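**Q** Before we start, here is the structure in question, set down as structure tokens.
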Amino acid sequence: MRSEESSGALGALGALGLRRTQTGPDMEGQNCNNICSWTQRPATDSKKKKKKKEIPERVTLKKEIGLLSACTIIIGNIIGSGIFISPKGVLEHSGSVGLALVVWALGGCVAALGSMCYAELGVTIPKSGGDYSYVTEIFGGLTGFLLLWSAVLIMYPTTLAVIALTFSSYVLQPVFQNCAPPYMATRLLSATCLLFLTWVNCSSVRMATRIQDVFTVGKLMALCLIIVVGLVQIFNGNYEALTTKVAFSMDRTPSVGQIALAFLQASFAFSGWNFLNYVTEEVVDPRRNLPRAIYISIPLVTFVYTLTNIAYFSSMTPEELLSSNAVAVTFGEKLLGAFAIIMPISVALSTFGGINGYLFTSSRLCFSGAREGHLPSLLAMIHYKKCTPIPALLVCCAATIVILCIGETHNLINYVSFINYLSYGVTIAGLLWYRWKKPNLYRPIKVNLLVPVSYLMFWALLLGFSLYSEPVVCGVGLVIMLTGVPVYFLGVHWKEKPKCIYNFIERATSVGQKLCFVVFPQIDPIEIASPSEWTDRSSGRKSFSGRS
């Protein structure tokens, strides 16, 4: 397979008119994988040839995500606009301030349980693609394709569209102070933001991660400002709503279903904790940095979320919070005076970083799907110099702009939420199945069985109440996912397609390669793990790539 990809890359470069060079005049006849370089290398003299030769630079995804960038990817994708705008959903369903704070804290604990399971999967199956790659490896192609289909078709484009619209609304708010921004203005600004960040991600992985670092720090600073102002209020004696007597007083006792919905709201606010797993192959030393980033980021976000809600309640009554459509903005208007403009700016910056993070990770999902043969092969190619998955990024951007043009994003996001939550449970159930299926497989991290079991019990409870309370939304979400079944059998499973279809695909791929200057990535020999790490000790069979 890899030799085919390498030859495909060389052929593509030839078609593009790009010249590959050799490391020396006497190297003809050797394996092209050892002599090809995509950049001009100076000729070496005979003495230097006797020395140990360095491995040539290769066209491959670059490992440029260190521990700091890994943390900012997780934190930046979790902290979007939600904590600034609508924590009222948790309060509305829980019925009291005290119970709402408990729900926020426990929501973080549930996310921590899930992230621990993903840490084990991420280092056991070190592929980019997250849920999709794990489910495909464990349950097979059809199940993985259904997750990929729903994610590429609606989940990520819809989420990106909603975040982009939130960004444009808050940027335009100072211009249209007394009315809502015009429909076309918000769409055009959203599309402009998407196109700019797509260009950034196409240009450089390093530039994209630096933007993520800067904007994640910015949104944390905005939340720290809210927390500090809230603590000042508490030290000044304004904490009546947080006293035990008032915090747990409620006009009505919430039902089990209402509490479950409150947890569901909190769980959605924590969504994004698994996004680092989508870019595993670009993480420096993933076995060490992936779990470290998860264990640092999730507790930090939980701590910040809980303190932010405490700050809100220190200065706003429950009635004020429930009546506000943008809690952070109301908080700023009440306490920051002339500096209240900081809050809408903070929301805009937060959503800008969120768009960048979603583009970065969702494009890697398309890349992984194409590499498995579930999407067109063009999406599995990267730029021959910049080493970025340009076709996958362009597809993600185009799909999001289509959703922006449709306009009904708020209805779609309800279906997305159900599909997203369903994929978490299927993936973690896969962890238990993989433990039983391959008990002797080498696992650098192995969590206690109580962790996935506890998560799945909580997941099943919330999913059950979701199906009971919103059967239409959940039903539509399932229908969207199941539309991928005929697509899978026609596009992936059916191998004997008419020759004209293959000719069309080949021509389209060739045109795409020439337009984007992309080729198949190559394996870097340095990055290949030793065989002993990827064998099932009971049988000696490779367990990473082979499916039984």
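**Q** Work through the residues other than M207 whose Cβ is under 15 Å from its Cβ and net out their charges, Lys, Arg +1 and Asp, Glu -1. Show your work: numbers first, answer last.
**A** On the way: positive: K62, R206, R210, K385, K386; negative: E64, D213, E282.
Residues near M207 contribute +2 overall.
**Q** Could you pull the accessible area for C71 with a 1.4 Å probe, rounded to 10 Å²?
**A** 10 Å²
**Q** Same structure again: Translational diffusion coefficient, Stokes-Einstein: compute it for region 399-485 using the Kirkwood radius over C-alpha pairs as Rh, at 10 °C and 1.306 mPa s, and state it as an integer in µm² s⁻¹. Before the final figure, lay out the partial values.
**A** Values: Rh = 15.3 Å.
For the chosen part, D equals 104 µm²/s.
**Q** Okay, next question. Carbon-plus-sulfur fraction of the accessible area of region 345-444, 1.4 Å probe, in percent? Before the final figure, lay out each step's value.
**A** Values: 2040 of 3130 Å².
Answer for region 345-444: carbon and sulfur cover 65 percent of the accessible area.
**Q** Additional query: By the scheme Lys and Arg +1, Asp and Glu -1, what is the net charge of all other residues having a beta-carbon under 14 Å from that of L449? Walk me through the intermediate numbers first.
**A** Working: positive: R435, R443, K446; negative: E120.
Once all neighbours under 14 Å are counted, the net charge is +2.
**Q** Points 7 angstrom from Cα along the Cβ direction at V228 and R210: gap in nanometres?
**A** Between V228 and R210, the simple spin-label model gives 2.7 nm.
**Q** Follow-up question, since we're still on this one. Pull out a ≥ b ≥ c, the square roots of the eigenvalues of the alpha-carbon gyration tensor of region 110-155, then state rounded if a/c is under 1.5, prolate if not and a/b is larger than b/c, and oblate in the remaining case. Numbers along the way, then the final one.
**A** Numbers: a/c = 2.31, a/b = 1.43, b/c = 1.61.
Since a/c reaches 1.5 but b/c is at least a/b, the shape of region 110-155 is classed as oblate.
**Q** State whether region 109-216 is rounded, prolate or oblate according to the following rule on the C-alpha gyration tensor (a ≥ b ≥ c being the square roots of its eigenvalues): a/c under 1.5 gives rounded; otherwise a/b larger than b/c gives prolate, and the remaining case gives oblate.
**A** On the way: a/c = 2.24, a/b = 2.00, b/c = 1.12.
It comes out prolate by the Cα gyration axes.
**Q** What full-extension length gain, to one decimal in nm, is calculated for L68 and K446 as 0.36 nm per residue of separation minus the Cα-Cα distance? Intermediate values should be presented prior to the final figure.
**A** Working: separation 378, 0.36 × 378 = 136.08 nm, distance 2.39 nm.
Taking 0.36 nm per residue and subtracting the Cα distance, the gain is 133.7 nm.
**Q** Check each of the trypsin sites (Lys or Arg not before Pro) in region 202-267 and keep only those in coil by DSSP with at most 11 other C-beta atoms within 10 angstrom; list them in order. Let's see the in-between values first.
**A** Numbers: sites: R206, R210, K219, K245, R252; in loops: R252.
Answer in residue order: R252.
**Q** For region 293-351, just say rounded, prolate or oblate: build the C-alpha gyration tensor, square-root its eigenvalues into a ≥ b ≥ c, call rounded for a/c under 1.5, and beyond that prolate if a/b exceeds b/c, oblate if not.
**A** Details: a/c = 2.39, a/b = 1.50, b/c = 1.60.
The shape class here is oblate.
**Q** So if I take the centroid of the Cα atoms in region 195-220 and the same for region 121-172, what is the distance between those two points in Å?
**A** 19 Å
**Q** So how many Å³ per residue does the convex hull of the Cα atoms of region 80-119 work out to?
**A** Working: hull volume 2.8 nm³, N = 40.
Once divided by residue count, the hull of region 80-119 is 69 Å³.
**Q** Treating the Cα atoms of region 350-441 as identical point scatterers in vacuum, please give the log10 of the normalised Debye intensity I(q)/I(0) at q = 0.13, 0.16 Å⁻¹, two decimals.
**A** -0.65, -0.90
**Q** If you don't mind, another one. Whole number in Å², please: accessible area per residue of region 311-437, 1.4 Å probe, ligands, DNA and RNA not counted.
**A** Values: 4290 Å² over 127 residues.
So region 311-437 comes to 34 Å² accessible per residue, rounded to a whole number.
**Q** Per residue, how many Å² of accessible area does region 86-169 show with a 1.4 Å probe? Intermediate values should be presented prior to the final figure.
**A** Values: 1670 Å² over 84 residues.
Accessible area per residue: 20 Å².
**Q** Using 29 Å as the Cα-Cα cut-off, could you pick out the over-long pairs in K386/K438; K127/K446; K219/K446; K88/K127; K385/K499?
**A** Numbers: K386/K438 38 Å; K127/K446 17 Å; K219/K446 33 Å; K88/K127 38 Å; K385/K499 33 Å.
The answer is K386/K438; K219/K446; K88/K127; K385/K499.
**Q** Sticking with this one: Taking only C-alpha pairs under 8 Å that are 6+ residues apart, what is the relative contact order of region 202-330 in percent?
**A** Working: 52 pairs, mean separation 58.2, N = 129.
About 45 percent, as a whole number.
**Q** Apply the Karplus parameterisation 6.51 cos²θ - 1.76 cosθ + 1.60, with θ equal to phi minus 60°, to every residue of region 464-478 and state each ³J(HN,Hα) to the nearest whole Hz, in sequence, with x for glycine and proline.
**A** x, 5, 5, 4, 6, 8, 10, x, 5, 4, 5, x, 5, x, 5
**Q** Between V246 and W436, 0.36 nm times their residue separation minus their Cα-Cα distance comes to what?
**A** 63.5 nm
**Q** Over every pair of different alpha-carbon atoms in region 127-283, take the mean of 1/r and invert it; report that Kirkwood radius in Å.
**A** On the way: mean 1/r = 0.0496 Å⁻¹.
Computed over region 127-283, the radius equals 20.2 Å.
The values are calculated or read from the model by the stated rules, or taken from the named source; none is laboratory data. These numbers were taken from a predicted model, which means no experiment stands behind them. So basically every Cβ, Gly included, is an ideal-geometry build from the backbone, and we count neighbours across all protein chains shown. For the accessible areas, the whole protein counts, side chains as well, though only heavy atoms, and no ligand, DNA or RNA atoms are used. Shrake-Rupley method; radii C 1.70, N 1.55, O 1.52, S 1.80 Å.
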